[in-house]
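Okay, so here's the structure we're looking at.
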Amino acid sequence: MKKILLLIIMGVFAVNAQKIKSAGKWMGEGEFQNQPIIFGKDDAMETVMKAIEAYNSGDADLELSFYTDEYAKKNGDFLREWHEKTSKLNMKPWVIFPVKIKGDNRTQVLSWSVEERKWKNGSKQKQNLMEIFVIDDDSGKINNFVQWRRNYPDNEFGLPSGGKYFGRKDNEYTGRKIVFSNRGETEKMEDFVKAYNKKDIQACKTFFVDGTTLYGADGSKTSFTHKMWDTYFDDFDSVKWRPFSIAPLKIADTDPASRVEVYGVEERTMKNGKVWKKELIEHFYFNVDGFIEQVVQFERSID
């Protein structure tokens, strides 16, 4: 009796499903705004599955054959380099289906998958992916592709946060993860390095608050004012500051203030002929307004 009832219910759903010709709507700007979404043909889905199979096999040329010439020309070099760097790719879609915006001559194949990657250098990565492959109905080939991803918690690299903040004393932030900041700090540091190496006093001032707290490698603490910049380079014949890395960091779930860690080498040639050369790790603390308000310096003598 239960089986018969289940068959009846399934039959009702099947009939109702056949009556549904469209659902939802496209809400973006343009000619298709407010148009409903309809199902596309399985041919588009099969094209994507073949492209994924070629992707997993590492055959870049075969994979590109499922894309339009325009897309392949624009992205072919990147794809070949990607396959050259990786030793194993395994994308496994667990949901995939084609849809269209009513009136559009393109089919959008939506795919949810899990992908495992291994690079030739030994790195590994595992991600949940949501992807849209756009198929040109006239050629039957892929002409666009977009991707959203979520890393697995045990992923070896590529996580949006990591590490742990402890603090000198336990506080409300103790135990939180560290994240990258992206408010233009890297570009500002690059511009500051250029101004510093040119001994451009006025430009250097623009990156700092007036009275920046400077903790020197020698243990000193100075309130470095804008006026101090006027004589900062007086004893230098030349300066050469070369950063090796710039990393803007912040504590997760805090205000926009950040700390930029700059690792590099600075060489100063003095007017008396002496040379000062140090390997430096410096922390530049940017306030919420985007200006440096504190600097902490560590140094190592080198030949």
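Taken together, the values in this text are just the output of simple stated rules run on the coordinates, not laboratory data. Owing to the predicted nature of the structure, the values given are computational and were not obtained by experimental measurement. Don't worry about glycine lacking a Cβ; one is built from the backbone with ideal geometry, like all the others, and counts go over all protein chains shown.
Semi-axes, largest first, in whole Å: what does sqrt of 5 times each Cα gyration tensor eigenvalue give for the chain? If you can, show how the numbers build up before the last one.
Values: eigenvalues 618, 112, 84 Å².
After diagonalising the Cα gyration tensor, the semi-axes are 56, 24, 21 Å.
Could you compute the net charge surrounding D170? Neighbours are other residues with a C-beta less than 14 Å from the C-beta of D170; K and R count +1, D and E count -1. The partial results should precede the final answer.
Numbers: positive: K164, R168, K169, R176; negative: E172.
It works out to a net charge of +3.
For the range 178-301, what is the relative contact order in percent, using Cα pairs closer than 8 Å and at least 6 residues apart in sequence?
Details: 256 pairs, mean separation 32.4, N = 124.
It rounds to 26 percent for the range 178-301.
Report relative contact order for the chain in percent, whole number only (criteria: Cα-Cα under 8 Å, sequence separation at least 6). Please list the in-between numbers first.
Values: 579 pairs, mean separation 30.8, N = 303.
In percent, rounded to a whole number, it is 10.
Taking just the alpha carbons, could you work out the radius of gyration and Dmax for the range 34-151, both in angstroms?
Cα-based Rg and Dmax for the range 34-151 come out at 14.6, 48 Å.
Distance from a point 7 Å along Cα→Cβ of V288 to each backbone N in the range 214-251: keep the residues under 18 Å and list them by number.
250-251
Starting from the Cα of K118, draw a straight line to each of the aspartates and glutamates and keep only those under 16 Å, dropping any in the same chain fewer than 8 residues away.
D59, E81, E84, D154, E156
On a straight-distance basis, which lysines could pair with K25 in a cross-link, Cα separation under 22 angstrom, same-chain partners fewer than 8 positions away excluded?
K25 reaches K41, K100, K102.
Taking the alpha-carbon centroid of each part, what is the distance from the range 264-298 to the range 145-177 in angstrom?
The range 264-298 and the range 145-177 have Cα centres spaced 28 Å from each other.
In degrees between 0 and 90, to the nearest 10, how far off the longest principal axis of the chain does helix 2-19 point, with axes built from Cα atoms?
Tilt relative to the chain: about 80 degrees.
Beyond a 31 Å Cα-Cα separation, which of these cross-linked pairs lie in this structure: K164/K274; K205/K271; K21/K141; K177/K240?
Exceeds cut-off: K164/K274; K177/K240.
For the range 178-301, max minus min Cα coordinate along each principal axis, in Å, sorted largest first?
50, 29, 27
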